[in-house]
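Note sheet for the following structure.
Just so you know, all these numbers are worked out from the coordinates, no wet-lab data involved. On a predicted model such as this, the values are computed, not experimentally measured, just so you know. Heads up, the Cβs are rebuilt from the backbone with ideal geometry, glycines too, and the neighbour counts pull from every protein chain shown.
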Amino acid sequence: MTARRAVLAAACAGALAAACSTGSVHLSADHDQLQSDVLALTQASATHDWPAAGTAMDQLRSDLADAVAAGRISAARAVAIRMHLAAVAADIETQRAPASTPSTSSATPKPKPTPKPPPTTKHKPGHGHGDGNDNGD
């Protein structure tokens, strides 16, 4: 398990714990629904199914808002759950970013510089280095 996946799993677990702790959700139906939403979010995130993770996140937020509006979850508990959801959303965006932004370094390789030719060591005739073709006479 990569460090990023571990962080994402921990954040999802935190959202699950916040959503499903006893005493904060008064009806079993709310508890079951929020638990189901968090499970769907966790599974989609674990398999890198980002569209499904987004859908699960939206469903969890909607079900949470409904439970708060009906007075079945306290505002304080809802704030805690939303904080965990924000962390999960940030982790999901971090996971998605590398796949959606191509690397510019691998797109176009840099050309190698052309090597300079080695300097010539042949001397010009008549300069006293024996290359004047005078046949030794």
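Scanning residues 5 or more positions from Ile73 or on other chains, those with amide H under 5 Å from its amide H are Val68, with H placed 1.01 Å from N in the peptide plane. Compared with the direct C-alpha span, the chain from His48 to Glu93 gains 15.1 nm at full extension, assuming 0.36 nm per residue. Exposure proxy shown here: for Leu34, Leu39, the number of other Cβ atoms within 10 Å sets the order, fewest to most, as Leu39, Leu34.
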